[in-house]
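Notes follow once the structure below has been shown.
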Amino acid sequence: MKKKTEVCISLLLIGLLFLLLFILEQRLPRTHMLFTVLKKGAIYALVGVSMNLLNGFTGLFSLGQAGFMLLGAYTYGILTIPVAQRANVYLYYDGGIIQFAIHPILAMIAGGILAAIFAFLIGLPVLRLKSDYLAIATLGFAEIIRAIFQWDKLGPVTNGSNVLRSFPIYRSVLFYFAVAVICIGIIAFMINSTYGRAFKAIRDDEIAAEAMGINLAHHKRIAFVVSSFFAGISGALLAMYQTNIQASMFKSAMTYEILLMVVIGGIGSITGSCISSFLFIACSEWWLRFLDKDTFIGDFHVPLLRSGFRKVVFSVIIMIIVLFFRQGIMGTKEFSVRGIYRWLTRRKANKQKGGETVG
């Protein structure tokens, strides 16, 4: 299949997706749970793919994603709160020391850049570590950042342990999907470039990769910085979605959820991370919510159905997936126009062959 045709078909499918989202926004009320799943799913798909760039494609076990999301979220909030609203937001800090506001898109990019800068500085010593030691170091960074942002001395900038609010938000699901598609597309392009091949070589065998002339420290640093940049972008998107920011939201449990999505989707699969993100959010936020409601059939109270039971069932479902899908939903495979075309061609050939045999 020619590459130009493949690109055209891919762009057509993306266009149809956005058309469908536009129609849904016109037909359904904005408060419909479907939009919650779509917005949050797009955010976690982006951060999941960014984490997969490290864990799945480069072989670096990092657990600092929540910290980089915090940096992106706070940067977005701090730089976009209107000057007229700052006195109400920074109530205990005399309106704060930043008395200007920039465009939300620029603030979102700034959040990604700040996360990338922190990643570069942290990566200089941390990326010398391997396996569990790297995971512990990055997890420690995320916890330290969260504590620092709640420090009263930084209150005039971060508002301390208080909530940041009143910043601009985007309610349209099209915006979240547009940002996620562009960012994931950039990551996919990078993975399929010479850098991506170097990342995979490092993941498979560092000694062999170094013998081939790959600069291990340089490429690990690039993967770490790029992953953190897009984690910062997703943090800004999360701030828009939730309409407020507080450092206590970005706990280690957030990183574990993202890692779980990556594992369920398939370590080393962009498509898998996207699919698992939407499934994870749909199950936890929508499809299983009925399990938290007390249910009566006449005078009979259905046992177990009560507040908190949803999490129990959700945990069991995750355990089943992990046990029976060791490689995740997709493993290391990807959905692509070329792959679907080859599958259809192979299936057609097999049918023709089978027909000739019967004849």
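The values are calculated or read from the model by the stated rules, or taken from the named source; none is laboratory data. Predicted model, so just to flag it, every value in this text is computed and none were measured. Heads up, the Cβs are rebuilt from the backbone with ideal geometry, glycines too, and the neighbour counts pull from every protein chain shown. The area values use the complete protein model at the heavy-atom level, side chains included, leaving out ligands, DNA and RNA. Shrake-Rupley method; radii C 1.70, N 1.55, O 1.52, S 1.80 Å.
Could you count how many residues in region 131-157 are under 22 Å from Tyr256 (Cβ atoms), in a loop (DSSP other than H, G, I, E, B) and free of Cβ contacts under 8 Å to residues at least 40 places away in the same chain? Can you show your working first?
Step one: list which residues in region 131-157 are under 22 Å from Tyr256 (Cβ atoms), which gives 131-150.
Add one more test, that the residue is in a loop (DSSP other than H, G, I, E, B), and what stays is 150.
Now drop any that are not free of Cβ contacts under 8 Å to residues at least 40 places away in the same chain, which leaves none.
Total satisfying the criteria: 0.
Considering only region 236-256, I want to know if a residue exists there that is over 22 Å from Gly41 (Cβ atoms), surrounded by fewer than 17 Cβ atoms within 10 Å (Cβ to Cβ) and of a type outside the set (Phe, Trp, Tyr).
yes
Against the definition (surrounded by 15 or more Cβ atoms within 10 Å (Cβ to Cβ), assigned to a loop (DSSP other than H, G, I, E, B), of a type outside the set (A, V, I, L, M) and within 19 Å of the chain's Cα centre (by Cα)), how does Tyr170 come out, yes or no? If you could, list the steps in order and put the result at the bottom.
Details: surrounded by 15 or more Cβ atoms within 10 Å (Cβ to Cβ): yes; assigned to a loop (DSSP other than H, G, I, E, B): yes; of a type outside the set (A, V, I, L, M): yes; within 19 Å of the chain's Cα centre (by Cα): yes.
The answer is yes for Tyr170.
Are any residues in region 127-140 open to solvent by less than 20 Å² (accessible area, probe 1.4 Å) and under 28 Å from Ser161 (Cα atoms), and if so, which ones?
Ala135, Thr138
Going through Gly213, Gly123, Gly160 one at a time, which residue ends up being of a type outside the set (Lys, Arg), assigned to a loop (DSSP other than H, G, I, E, B) and surrounded by 17 or more Cβ atoms within 10 Å (Cβ to Cβ)?
Only one candidate passes the filter, namely Gly160.
Does Cys274 satisfy the condition of being assigned to a helix (DSSP H, G or I), free of Cβ contacts under 8 Å to residues at least 40 places away in the same chain and open to solvent by 20 Å² or more (accessible area, probe 1.4 Å)?
Values: assigned to a helix (DSSP H, G or I): yes; free of Cβ contacts under 8 Å to residues at least 40 places away in the same chain: no; open to solvent by 20 Å² or more (accessible area, probe 1.4 Å): yes.
No.
Quick check on this structure: which one of Phe229, Phe224 is closer than 17 Å to Arg128 by Cβ, aromatic (Phe, Trp, Tyr) and touching a residue at least 24 places away in the same chain (Cβ under 8 Å)? Working first, answer last.
Numbers: Phe229 fails: closer than 17 Å to Arg128 by Cβ.
The unique qualifying residue is Phe224.
Considering only region 249-259, I want to know if a residue exists there that is in a helix (DSSP H, G or I) and over 23 Å from Leu60 (Cβ atoms).
yes
Residue check, Ala116 against (1) under 30 Å from Ile207 (Cβ atoms); (2) in contact with a Leu (Cβ under 9 Å, 6 or more places away or on another chain); (3) of a type outside the set (Asp, Glu), all met but one. Which one?
For Ala116, the failing item is (2).
Can you say whether Thr75 is polar (S, T, N, Q), modelled with pLDDT of 95 or more and touching a helix residue (DSSP H, G or I) at 6+ places or on another chain (Cβ under 9 Å), as far as the supplied structure shows?
yes
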